[in-house]
Amino acid sequence: MDIGIAQDAETTADKVARVFGRLAIDKRRLPSSQLQKRGVPAYVAEWVLDSIVPGTGPLTREEADKVQAWAAQRIPGSGDQELIKYRLVQGDTVKILTPVQTEVRLRRGSSETVAELSLLGLDDVLIGDDLLQQYPDLLKQGMWGVTEVVNTSSGVAITGFRPMQATVNLDLYKQARKEFTLCEWRDLMLMSMGYSSATFSESEQLVLLCRLLPLVQKNLHLMELAPKGTGKSYLYENISPKVRLVSGGNISPAVLFVNNASGQWGLLARFAVVVLDEVQTLKFHQPEEIVGGLKGYLANGVLTRGGLYQTASDSSFVLLANIALDEQQRPVRDVLVEELPDFLRETAFLDRLKGIIPGWETQKLSSRSFADSVGLKADFFGDALLALREDLSADQYAARKIELLGERAYRRNQEAVRSIASGMMKILFPHGEASDEDFERCCLRPAVKMRQLIWDQLYNLDAEYRQYERTIKCRLT
């Protein structure tokens, strides 16, 4: 290893620790904890590590044993459900780390609010109004936390809840960016995502960073196409409880939009980002209604179904799909979406996606690909990215700087390019300070490339789009 490179990496790690303090964590500590093997996402596991064994460097044997002992008491395994239920029957108070999702059930003349504890297989758990008022996210996408549960004469009830929470000061986050060079900040973003930047080229790094776009931008709808093993879903299942990854099972209009029978809103109303993984293998119930509802939602951000219910949402929607490559690791087919289900290849639907992330341009993950230094804690990092959604300065900057060229330019292409470029600016330049050269290289070019991939599909599939310019060209004003 080049000694100079090692020293630079160490200096950057020290800077991250100095600037962010307790909001930073040594990413080497997570794999040896074995917490994720218990079904705990990284944003929870890192919170546990910092609470139980704060420190730097890989976990020692003593630290690992301490974490495992805590986990054995607080994180139920698949075979512990009946044992914990028996303890409740015996009158014990049980404390467990679990996701808690609540539901309000309305009936004629009455109502009740119940919680679901998925790790225990319980879905009718009583919960008091005081906890719901204190933690309203329990009624939205749910929350992880150490939950105190007892058995009462009325049924199993939650009597205490200590959530894992990160506090984000967006102004301080922006000020922190000024302490880092562009290269250092890009490395920090990748390390916080769980990747080792040294393993990837700069172009590969930009592809990986594109996976953050749905978090920092409202209603930014994307597709990623890549072969298996490139980690398409890794980030989304480990970054935030406000991101919902759906992998396998049945997808219905009730799941995505609203259940007309109960009035319960679906995933797109309750989560900041909804990701459908392995879309070729998902089972879509009523696909025509799904694509019809998605076209309306992706165009105007309004969720509705059959006219019975309607609400606005800023959730970003992401499709992940595998793609076949040739010997040069390039897509086999000119029509990239050819392997998608028929209803997802409809051009009116594809047009409403902002872009395609070219996941085939990054290498498959190996043991060397994962974070090996200091990054931001996943729970803080995820919340910081989501907080950037409310910062309109980057959107205004992109709208002011980017102009689509050509007499026959297509308006939606300009909107998509500006939205993606704004998102990249929020990721790499949250403080709003970027030279024209850096903005063009790191924000505008990736945006044009991603939208051009969508535009190529539309051009190849539907002659209607051939009245417009074939190549998307932009300039900075």
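Checking the conditions here, which among Asp50, Asp80, Asp8 is open to solvent by 80 Å² or more (accessible area, probe 1.4 Å) and either within 30 Å of Arg270 (Cα to Cα) or at pLDDT below 90 (or both)? First the steps, then the outcome.
Numbers: Asp50 fails: open to solvent by 80 Å² or more (accessible area, probe 1.4 Å); Asp80 fails: open to solvent by 80 Å² or more (accessible area, probe 1.4 Å).
From the options Asp50, Asp80, Asp8, the qualifying one is Asp8.
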| message | Residues to consider are Lys218, Lys232; find the one that is within 19 Å of the chain's Cα centre (by Cα) and surrounded by fewer than 20 Cβ atoms within 10 Å (Cβ to Cβ). | response | Lys218
| task | Please work out which one of (1) open to solvent by less than 30 Å² (accessible area, probe 1.4 Å); (2) part of a loop (DSSP other than H, G, I, E, B); (3) not hydroxyl-bearing (Ser, Thr, Tyr) is the condition Glu469 fails and give its number. | result | (1)
| note | Among Phe200, Phe180, the single one that is out of contact with any Leu (no Cβ under 6 Å at 6 or more places or on another chain), modelled with pLDDT of 95 or more and under 30 Å from Glu338 (Cβ atoms) is Phe200
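Which ranges mark the helices (runs of 4 or more DSSP H) fully within region 372-429 that have 3 or more residues being in contact with a Cys (Cβ under 7 Å, 6 or more places away or on another chain) and buried (at least 23 other Cβ atoms within 10 Å of the Cβ)? So that I can check it myself, show each step before the final result.
Numbers: elements: 378-387, 393-401, 411-428.
Hits in region 372-429: 411-428.
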| task | Out of the residues in region 430-446 that are in contact (Cβ under 8 Å) with a residue 60 or more places away in the chain and part of a helix (DSSP H, G or I), state the one that is most open to solvent (accessible area, probe 1.4 Å). | result | Asp438
| Positions within region 24-35 being part of a helix (DSSP H, G or I) and either surrounded by 22 or more Cβ atoms within 10 Å (Cβ to Cβ) or free of Cβ contacts under 8 Å to residues at least 12 places away in the same chain (or both), in sequence order | Arg29, Leu30, Ser33, Leu35
| task | Give the residue that is farthest from Leu235 (Cα to Cα), with candidates limited to residues of region 291-326 that are aromatic (Phe, Trp, Tyr) and open to solvent by less than 20 Å² (accessible area, probe 1.4 Å). | result | Tyr297
| In region 110-137, the residues that are open to solvent by 70 Å² or more (accessible area, probe 1.4 Å) and in contact with a helix residue (DSSP H, G or I) (Cβ under 7 Å, 6 or more places away or on another chain) | none
| field | Lone qualifier among Asp379, Asp456, Asp383 - being out of contact with any helix residue (DSSP H, G or I) (no Cβ under 6 Å at 6 or more places or on another chain) and within 30 Å of Pro41 (Cα to Cα) | value | Asp383
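Name the single residue that is least open to solvent (accessible area, probe 1.4 Å) among those in region 197-210 being polar (S, T, N, Q) and farther than 22 Å from Pro31 by Cβ. Step through it out loud before you land on a result.
Initial filter on region 197-210 (polar (S, T, N, Q)): 197, 199, 201, 203, 205.
Applying the additional criterion that residues be farther than 22 Å from Pro31 by Cβ yields 201, 203.
Values: Ser201: 51, Ser203: 77 Å².
Among those that are polar (S, T, N, Q) and farther than 22 Å from Pro31 by Cβ, it is Ser201.
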| request: Might you check whether a residue that is more than 30 Å from Gln133 (Cβ to Cβ), part of a helix (DSSP H, G or I) and modelled with pLDDT under 90 occurs anywhere in region 84-106? | output: no
| message | Being in contact with a strand residue (DSSP E or B) (Cβ under 8 Å, 6 or more places away or on another chain) and among the aliphatic types (A, V, I, L, M) is the filter here; which residues of region 380-427 pass it? | response | Ala384, Ile402, Leu404, Leu405, Ala416, Val417, Ile420, Ala421
| query | Would you call Ser369 closer than 30 Å to Asp187 by Cβ and either buried (at least 18 other Cβ atoms within 10 Å of the Cβ) or in contact (Cβ under 8 Å) with a residue 40 or more places away in the chain (or both)? | reply | yes
| query | Looking at region 49-76, which of its residues are closer than 22 Å to Gly121 by Cα and in contact (Cβ under 8 Å) with a residue 40 or more places away in the chain? | reply | Arg74, Ile75, Pro76
| remark: Taking region 249-290 and the residues there that are open to solvent by 40 Å² or more (accessible area, probe 1.4 Å) and at positive phi, the one that is farthest from the chain's Cα centre (by Cα) would be Gln286
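Mind checking which residues of region 88-109 are within 20 Å of Trp70 (Cα to Cα) and either open to solvent by 20 Å² or more (accessible area, probe 1.4 Å) or in contact with a Ser or Thr (Cβ under 9 Å, 6 or more places away or on another chain) (or both)? Quick ask: steps written out before the conclusion?
Restricting attention to region 88-109, the residues satisfying the condition of being within 20 Å of Trp70 (Cα to Cα) are 88, 92-100.
Scanning region 88-109 gives Asp92, Thr93, Val94, Lys95, Ile96, Leu97, Thr98, Pro99, Val100.
Determine if region 168-180 includes at least one residue that is hydrophobic (A, V, I, L, M, F, W, C) and either closer than 25 Å to Tyr86 by Cα or under 20 Å from the mean Cα position of the chain (by Cα) (or both). Walk me through it before giving the result.
Step one: of region 168-180, the residues hydrophobic (A, V, I, L, M, F, W, C) are 168, 170, 172, 176, 180.
From the residues that got through so far, the ones that are either closer than 25 Å to Tyr86 by Cα or under 20 Å from the mean Cα position of the chain (by Cα) (or both) too are 168, 170.
Within region 168-180, one or more residues are hydrophobic (A, V, I, L, M, F, W, C) and either closer than 25 Å to Tyr86 by Cα or under 20 Å from the mean Cα position of the chain (by Cα) (or both).
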| Selection status of Asp436, within 27 Å of Ala272 (Cβ to Cβ) and either at pLDDT below 95 or more than 28 Å from the chain's Cα centre (by Cα) (or both) | no
| Condition test on Ile239, is it among the β-branched types (Val, Ile, Thr) and assigned to a helix (DSSP H, G or I)? | no
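Restricting the search to region 221-236, which residues are closer than 18 Å to Leu344 by Cβ and touching a strand residue (DSSP E or B) at 6+ places or on another chain (Cβ under 6 Å)? Give the derivation first.
Here is the first cut: in region 221-236, the ones closer than 18 Å to Leu344 by Cβ are 221-226, 232-233.
Those that are closer than 18 Å to Leu344 by Cβ and touching a strand residue (DSSP E or B) at 6+ places or on another chain (Cβ under 6 Å): His221, Leu222, Met223, Glu224, Leu225, Lys232, Ser233.
Condition check ((1) open to solvent by 30 Å² or more (accessible area, probe 1.4 Å); (2) in contact (Cβ under 8 Å) with a residue 60 or more places away in the chain; (3) more than 21 Å from Gly432 (Cβ to Cβ)) across all residues:
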| position | (1), (2), (3) |
| --- | --- |
| Glu148 | yes, no, yes |
| Tyr173 | no, yes, no |
| Cys183 | yes, no, no |
| Arg186 | no, yes, no |
| Tyr195 | no, yes, yes |
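The values are calculated or read from the model by the stated rules, or taken from the named source; none is laboratory data. If you're wondering where the values come from, they're calculated on a predicted model, not measured in any experiment. Note that each Cβ is placed from the backbone with ideal geometry, even for glycine, and that neighbours are counted across all protein chains shown. With ligands, DNA and RNA removed, areas are computed over all heavy atoms of the protein, side chains included. Shrake-Rupley method; radii C 1.70, N 1.55, O 1.52, S 1.80 Å.
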